[in-house]
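Below is one structure, written out as structure tokens; comments come after it.
The values are calculated or read from the model by the stated rules, or taken from the named source; none is laboratory data. Just so it is clear, the structure is predicted and the values come from calculations on it, not from any experiment. We place every Cβ from the backbone using ideal geometry, glycine too, and count neighbours over all the protein chains shown. Just so you know, the surface numbers come from the protein's heavy atoms only, side chains and all, with ligands and any DNA or RNA stripped out. Shrake-Rupley method; radii C 1.70, N 1.55, O 1.52, S 1.80 Å.
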Amino acid sequence: EAATGDILLFLDADTRLEPDMLTRTAATFDKYSLDMLTIWPRQLLGSFWERTVLPLIYYALVTLLPAIYVYRSPRWMPTFIQRKLLAAFAAACGQCIAFTREAYVKIGGHQTVKQEVVEDVALAKKVKLSGFTLRMFQGVGSISCRMYRSEKEMFEGLRKNFLAGFGNSLPFFITAGIVHLIVFVLPFITLIYSLNYFSPALFFLSVASISIIFIHRLILAIWFRWNPIYALLHPLGVLWYQKLGLVKIWDHLSGKKVKWKGRDV
């Protein structure tokens, strides 16, 4: 209410901006005729578990979400299906979100999503469903952030919104967990099995699967300037999330409230 500009920028308190970030953000609105943009900062990783676990968030983002469809609808898809899936291609990072004042006022601002745990994605959905234009960007060279500083803090921080990120659907959540085990952990088990039982076909398939995973992770590490050695610990990071998932399932079934910064979520 106090701001007078045409663009409203929302940042987490632990983000750090490069000197030209605001100028570049404003120019991006004009270049792409945007109503909202969101920037995924370069995550600063300190501890072992930060370096092992947090890159998997970005890995999921760039391998599972066709990011261009956040900006525009799939041209190959019939129009009536595009309309039904409009909100499905909505994503955002609450560490850095900007709106035109007009779009922000018309969707009702943060007031309309104050009960949402994953309020950044809820805002993105409102923007898309209101007919506004949204685009995502990576922030290497513009913005950085260190989200967590210990494994405990990271566990509790991700615990608060892990299930919400799957629409609070337990079947979808469990299915995704099983798929992750099959895709990211099973190839390492089958590799060991193939060496013990001399199965060339299984060995080839296992090595091919593992190679794809590591190539993806190495590209991501280079892109976001992370230590590439930790790409080799991808299955360990997946197992960490499996542990978090089991805890989250128990939270859901038992009705346990998760606390975050002194508040029940």
Exercise for review: Springs between alpha-carbon atoms under 10 Å, Gaussian network over the chain: tell me which of Gly167, Gly177, Gly245 tops the mean-square fluctuations.
Suggested key: Gly167
Review point. Which length gain, in nm to one decimal place, applies between Lys261 and Leu61 when the Cα-Cα distance is subtracted from 0.36 nm times their residue separation?
Key: 69.4 nm
Point to revise | For a label point 7 Å along the Cα-to-beta-carbon line of Val105, residues of region 1-44 with backbone N under 14 Å | key: 1-8
Review point. Quick one: accessible area per residue over the chain, 1.4 Å probe, rounded to a whole number of Å²?
Key: 57 Å²
Review point. To the nearest 10 degrees, how steeply does helix 21-32 sit against the main Cα axis of the chain, on a 0 to 90 scale?
Key: 80 degrees
Review point. If one takes the longest principal axis of the Cα atoms in the chain, at what angle in degrees, from 0 to 90 and to the nearest 10, does the Cα axis of helix 119-129 lie?
Key: 70 degrees
Review point. What's the Cα-based Rg to Rh of region 151-232, Rh via Kirkwood?
Key: 1.08
Practice item. Can you tell me the 0 to 90 degree angle between the C-alpha axis of helix 186-197 and the longest principal axis of the chain, rounded to 10? Key: 10 degrees
Check your understanding: Taking the Cα atoms of region 38-138, what is the range of coordinates along each of the three principal axes, in descending order and whole Å?
Key -> 46, 35, 22
Check your understanding: Taking amide hydrogens as modeled 1.01 Å from N in the peptide plane, which residues meet the under 5 Å criterion relative to Trp40, leaving out close sequence neighbours?
Key -> Phe137, Gln138, Gly139
Check your understanding: By DSSP, what percent of the beta bridges with both residues in the chain are antiparallel, rounded to the nearest 5?
Key -> 65 percent
Exercise for review: Give the Cα extents of region 87-147 along the principal axes, in whole Å, largest first.
Suggested key: 32, 24, 24
**Study point:** Built amide H within the under 5 Å cut-off of Met147, gap 5+
**Key:** Leu44
Revision key, fill the gap. With Cα springs under 10 Å, the Gaussian network model of the chain assigns the largest mean-square fluctuation among Leu181, Leu220, Leu205 to Leu205
Check your understanding: Can you give me the pair-distance distribution of the chain, C-alpha pairs, 5 Å bins, whole percents?
Key -> 1, 5, 11, 14, 16, 17, 14, 10, 6, 3, 1, 1, 0, 0, 0
Point to revise | Protein accessible area in the chain, 1.4 Å probe - carbon and sulfur % | key: 62 percent
**Study point:** Fluctuation leader among Met21, Met147, Met136 - the chain, Gaussian network, Cα springs under 10 angstrom
**Key:** Met21
Check your understanding: What length, rounded to one decimal in nm, is gained on full extension from Val183 through to Gln82, with 0.36 nm per residue of separation minus their alpha-carbon distance?
Key -> 33.5 nm
Check your understanding: For region 60-107 and region 128-152, what is the separation of their Cα centres, given in Å?
Key -> 14 Å
